[in-house]
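*Asks:* Below is one structure. I have some questions about it.
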Amino acid sequence: MVGSARKAGLSLGATRELLLPVTLAVCFGLYYGLSQPFWVVLACSLPMLVVYALAPSWGRASAASFDRDTVRLLASGQPAALVARYQVAIGMRLFAPPAMCAERRAMALAEAGETRAARAAFQEALDEYGAAVPLRVMLGYAHANFALGDDGKAIPMYRRLLRTAALPGVERALAHALLRSGDDPAEALALLERVPREQDDAVRHSELCLLRAVAHARLGDHARAIALEAEAAPTESASTEALRELLHSIRERSALPLA
């Protein structure tokens, strides 16, 4: 697993700033502490000064190389390899801006299925970007929380995204989170009414029918909920099964017979 930069001891993006004081300390120690001649001091300090001068270019080149390999690995169906690829992106990890590194790490972890670690990295990226956080980082953080069932964190971020831009899938995800948490079924139903009906995708169509059924069940319209559940195709997926279980649990609490 890709470790956090702060836990690793070297803060991403701060390494270049450390080179100058370290170089001065080395030079001082060699010249005054060990009484080495000036040419030795210069020979020892020159590589660090070269690294300091080239660090920004190295960081940018390493990040660009990582991005190219990311496209290649995803296109070839190897998302798990992104974590190992991030580990060897030394120039990026040492000299690129901390927000960029945290974002790339979060993306690699998310693609590899390490959702909990990805959420922590997305949180770090949010903190580093501050007010200039890109939509893709906000979306990644919201999706990670949603996948972990942490609707209390997913819902505010989805709402923030909707206030900023119209992104595909966000309304559906927000409605799902609202229904799963039981916060606002009326808002969830209004969101679902705007979601396109995907008749050509049986699983997505069934999910939408079941989401609408849950919304009507939470609002007390169980007749409509039963009709919508019947409309959903008997697809086998984790998401549809979870929605059916949620729908049935609502009916049980309402002391109504199952469909």
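The values are calculated or read from the model by the stated rules, or taken from the named source; none is laboratory data. This structure is a prediction, so every number in the text was calculated from the model and none was measured. Here the Cβ positions follow ideal geometry from the backbone for every residue, glycine too, while neighbour counts run over all protein chains shown.
*Asks:* Condition (residue is of a type in the set (Gly, Ala, Ser), in contact (Cβ under 8 Å) with a residue 40 or more places away in the chain and within 28 Å of PHE66 (Cβ to Cβ)) applied to region 152-173: is it met by at least one residue?
*Replies:* Scanning region 152-173 turns up no residue that is of a type in the set (Gly, Ala, Ser), in contact (Cβ under 8 Å) with a residue 40 or more places away in the chain and within 28 Å of PHE66 (Cβ to Cβ).
*Asks:* Of the numbered conditions (1) modelled with pLDDT of 95 or more; (2) farther than 17 Å from ALA125 by Cα; (3) not hydroxyl-bearing (Ser, Thr, Tyr), ALA110 satisfies every one except a single condition; which is it?
*Replies:* Failing condition for ALA110: (2).
*Asks:* Continuing with the same structure: State yes or no: is TYR129 in contact with a Phe, Trp or Tyr (Cβ under 6 Å, 6 or more places away or on another chain), crowded, with 17+ Cβ neighbours inside 10 Å, hydroxyl-bearing (Ser, Thr, Tyr) and in contact (Cβ under 8 Å) with a residue 12 or more places away in the chain?
*Replies:* The answer is no for TYR129.
*Asks:* Looking at (1) at pLDDT 90 or above; (2) crowded, with 18+ Cβ neighbours inside 10 Å, find the lone condition where ARG204 falls short.
*Replies:* Condition not satisfied by ARG204: (1).
*Asks:* Have a look at ARG136, ARG105, ARG72, ARG116 and point out the one that is of a type in the set (Lys, Arg), over 25 Å from TYR158 (Cβ atoms) and modelled with pLDDT of 90 or more.
*Replies:* Of the residues listed, the single one that is of a type in the set (Lys, Arg), over 25 Å from TYR158 (Cβ atoms) and modelled with pLDDT of 90 or more is ARG72.
*Asks:* Here's something else I'd like to know. Output yes when any residue across region 190-198 is of a type outside the set (Asp, Glu), surrounded by 14 or more Cβ atoms within 10 Å (Cβ to Cβ) and modelled with pLDDT of 90 or more, and no when none is.
*Replies:* Looking through region 190-198, at least one residue is of a type outside the set (Asp, Glu), surrounded by 14 or more Cβ atoms within 10 Å (Cβ to Cβ) and modelled with pLDDT of 90 or more.
*Asks:* Pairs, please: C-beta under 9 Å, at least 6 apart or cross-chain, first residue farther than 9 Å from CYS209 by Cα and in region 226-239, second basic (Lys, Arg)?
*Replies:* ILE226/ARG251
*Asks:* Any residue in region 184-205 that's touching a residue at least 40 places away in the same chain (Cβ under 8 Å) and at positive phi: show its pairings with residues that are exposed (fewer than 11 other Cβ atoms within 10 Å of the Cβ) and in a helix (DSSP H, G or I) at Cβ separation under 8 Å, as long as the two are six or more apart or on different chains.
*Replies:* Listed by first residue and then by second, the contacts come to nothing, as the list is empty.
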